[in-house]
Amino acid sequence: MKSLVCFAVLLSTSICFADSWYTKKIEGKLLYDLYKDSGVPKEALERTFEFLDINDQKEFKVKLYDEPATKKITNKNYAVIIDYSKPSSSRRLYLLDLNKGTVEKYYVAHGVNSGEDEAVSFSNQIDSKKSSLGFYITGSTYYGNHGESLYLHGLEKSNNNAFERAIVMHGASYVSMDFLEQYGRMGRSWGCPAVSEAISQKILPLIKGGAVLYAYHKSLMSVAQASPAVQNVSRDKEQTAEDGHNIVFEELNP
């Protein structure tokens, strides 16, 4: 008999799944517990699992040059969580192997206008040079100014301009231990979740083609909903980072 998992969405609706990522086990241990015990942020992990459950068979409308296109979650081998609550001097990108239950942690850059070591300002606006929060689905890889790069398609009001903004995952020399030792933080991008050049060569082939990437910040309050506007990123009247900086969400709820 299939197990039944239910959880609350938006505190008002209960959604039940006969097959859920919450019930998946690896060698007798729940996948959820394996990730949580490995240090993956609990709230981001729960939202990612809920997103995967709710949107498993859905098609997302995405922007792809001048032609309409749809994407589905076809890469169920890996998922990525980026915790922008943490500074760039921390390994805040979590690569989740959904088959083995293992987690690898890497450094990742944020946008130059999002902050110094800590990202405190986010935007979906073109030319903002800030990071965007929310769920993405990965596209194909291509070769650009930074070598092999990975298209990211934003699925929410907080990041649905990602394609037009050329927000992609790529390797960068400014994401390196040498840069960190010299400046006390990683370098910054124009909004792209850039990783080290060596790591990009490793993970881009793994997560391309329909994997879920969640750019998370602990001040996000709402839970994953139905596509295409998957969730409205929101905040309380006053949300501040631990160091006292105001968290700014621009253009997220126009």
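The values are calculated or read from the model by the stated rules, or taken from the named source; none is laboratory data. Computed from a prediction, not measured in an experiment: that's the story for all the values here. Cβ sites come from the backbone with ideal geometry, for glycine too, and all protein chains shown count toward neighbours.
Run down Asp117, Asp66, Asp97 and say which single residue is touching a residue at least 40 places away in the same chain (Cβ under 8 Å) and either touching a strand residue (DSSP E or B) at 6+ places or on another chain (Cβ under 8 Å) or more than 20 Å from Tyr32 (Cβ to Cβ) (or both). Steps first, answer last, please.
Numbers: Asp66 fails: touching a residue at least 40 places away in the same chain (Cβ under 8 Å); Asp97 fails: touching a residue at least 40 places away in the same chain (Cβ under 8 Å).
Selected residue: Asp117, the only one of Asp117, Asp66, Asp97 that is touching a residue at least 40 places away in the same chain (Cβ under 8 Å) and either touching a strand residue (DSSP E or B) at 6+ places or on another chain (Cβ under 8 Å) or more than 20 Å from Tyr32 (Cβ to Cβ) (or both).
Name every residue in the stretch 69-100 that is closer than 18 Å to Leu150 by Cα, out of contact with any helix residue (DSSP H, G or I) (no Cβ under 9 Å at 6 or more places or on another chain) and at pLDDT 95 or above, in order of residue number. Walk me through it before giving the result.
At the first step, the residues of the stretch 69-100 found to be closer than 18 Å to Leu150 by Cα are 69-82, 93-96.
Next cut, out of contact with any helix residue (DSSP H, G or I) (no Cβ under 9 Å at 6 or more places or on another chain) only: 69-72, 74.
Answer for the stretch 69-100, where residues must be closer than 18 Å to Leu150 by Cα, out of contact with any helix residue (DSSP H, G or I) (no Cβ under 9 Å at 6 or more places or on another chain) and at pLDDT 95 or above: just Thr74.
Tell me the residue from Lys218, Lys202, Lys157 that is assigned to a loop (DSSP other than H, G, I, E, B), of a type outside the set (A, V, I, L, M, F, W, C) and out of contact with any Leu (no Cβ under 8 Å at 6 or more places or on another chain), please.
Values: Lys202 fails: assigned to a loop (DSSP other than H, G, I, E, B); Lys157 fails: out of contact with any Leu (no Cβ under 8 Å at 6 or more places or on another chain).
Sole residue among the options that is assigned to a loop (DSSP other than H, G, I, E, B), of a type outside the set (A, V, I, L, M, F, W, C) and out of contact with any Leu (no Cβ under 8 Å at 6 or more places or on another chain): Lys218.
Criterion first (farther than 18 Å from Gly134 by Cβ, at pLDDT 90 or above, buried (at least 18 other Cβ atoms within 10 Å of the Cβ) and of a type in the set (Gly, Ala, Ser)) does Ser20 satisfy it?
Details: farther than 18 Å from Gly134 by Cβ: yes; at pLDDT 90 or above: yes; buried (at least 18 other Cβ atoms within 10 Å of the Cβ): yes; of a type in the set (Gly, Ala, Ser): yes.
Against the criterion (farther than 18 Å from Gly134 by Cβ, at pLDDT 90 or above, buried (at least 18 other Cβ atoms within 10 Å of the Cβ) and of a type in the set (Gly, Ala, Ser)), Ser20 qualifies.
Table: residues versus (1) in contact (Cβ under 8 Å) with a residue 24 or more places away in the chain; (2) surrounded by fewer than 19 Cβ atoms within 10 Å (Cβ to Cβ); (3) of a type in the set (D, E, K, R).
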position	(1), (2), (3)
Ser90	no, yes, no
Val168	yes, no, no
Phe179	no, no, no
Met186	yes, no, no
